[in-house]
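These notes concern the structure reproduced below.
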Amino acid sequence: MGCYDILFSFATMMKVFRTVDPGRWGALGNDASAIIFSSILLFGMIGSQFYNVGLSIYYLFLIKYNYKDKKFRKKVEPFIHFTILFWALGTVMAVLATGSFNPLQFGEYWITPSPTGCKIDENVDCLHGEYAYILRTCLVFLPLLASLIANIGIMIIIWFTVMSLERKMTKYSRITSVTISANTDLTNSPRKKGIDTSVGPTPGGVLAQALAARASTRSSYSGVDAGAAPSYVGVDACAATCGMLDLTPAATRRNRRQQRSVARSKVFLRQAALYTGAFLFSYASTAI
């Protein structure tokens, strides 16, 4: 993508060499230099905008379909590179083969028939670029417009995916914050030291002593008599609720991947908005 951006920026800066009108200030080009830099401009513009779609596709597979980088590079990325190179190079070759790079009204070369206005005036025959308008519409304008629509569509899909992941993570965090303290007491007690980890209304051994001390500590903050019998409502609630949680290592790794996907998707949305604005600006400047 960076190579196409460099080519597009370089050809844009070399606009004086794409202009052959002697009466225009700064026109330093001739027919050969104008055709060369116009070809570089077209090649870089198509490749740069298509790679924006490729970047969107990468984030789509990463966030929505949980593709790993290795899997994406093996199965999807080669197809993206080949498609972009084939379309950009094929478009440039088609324009050159039909002689469709010709000067516009102000001397700057672009895809247009020559002489100017030959398609409008029936009394003027086109010497070069008879199919220039068709090539410019079918191979340049419509694909770039489709890339813009594809970027917007992919961003909408990613946005809905991210919102769904955030709702799931919020729900998971809320349930975990309520039950994780009691669940830690029940699941992390070492059995090999003889501690009774059974869950029920009458826990015994060291666990009963720990629960009694914990209940007395909490009651001292709430104004309840510290000598009252400890309540195991929290433990029973945990026993009823913890079964709903998937706290296995695989589920933990999956939740971490979802968190990373949410963070990456937010970065992508900012980049996509920037690239979309750059595309609109570059295409408008080229059209003008």
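The values are calculated or read from the model by the stated rules, or taken from the named source; none is laboratory data. Given the structure is predicted, the values throughout are model-derived calculations rather than measurements. Counting neighbours? That spans all protein chains shown, and the Cβs are built from the backbone with ideal geometry, glycine included. Each accessible area value is taken on the protein alone, full model and side chains, heavy atoms only, with ligands, DNA and RNA left out. Shrake-Rupley method; radii C 1.70, N 1.55, O 1.52, S 1.80 Å.
The table for this structure:
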item: Which of Leu62, Leu127, Leu89 is most accessible, then next, and so on - probe 1.4 Å; result: Leu127, Leu89, Leu62
item: Residue-span extension gain [Lys71 to Phe86] - 0.36 nm each, minus C-alpha spacing; result: 3.1 nm
item: Solvent-accessible area of Arg256 with every protein chain in place, 1.4 Å probe, in Å² to the nearest 10; result: 140
item: Stretchable slack from Phe106 to Ile157, in nm (0.36 nm times residue separation minus alpha-carbon distance); result: 14.0 nm
item: Exposure rank, largest accessible area first [Phe17, Phe43, Phe160; 1.4 Å]; result: Phe160, Phe17, Phe43
item: Simple spin-label estimate for Met169 and Val267 in nanometres, 7 Å along Cα-Cβ; result: 1.3
item: Electrostatic dipole magnitude of the range 1-69 [Cβ: Lys, Arg +1; Asp, Glu -1; Cα centre; debye, to 20]; result: 140
item: Solvent accessible area, Å² - Thr83, 1.4 Å probe, full protein context; result: 50
item: Listed residues Trp87, Trp159 arranged by accessible area, highest first, probe 1.4 Å; result: Trp159, Trp87
item: Amide proton proximity set for Trp110, modelled H, under 5 Å, gap of 5+; result: Asn102, Leu104
item: Ile6 - accessible surface, heavy atoms, 1.4 Å probe, Å² rounded to 10; result: 120
item: Relative contact order computed over the range 15-123 (Cα-Cα under 8 Å; 6+ residues apart), in percent; result: 29
item: Cα-based convex hull, the range 43-129, per residue volume (Å³, whole number); result: 111
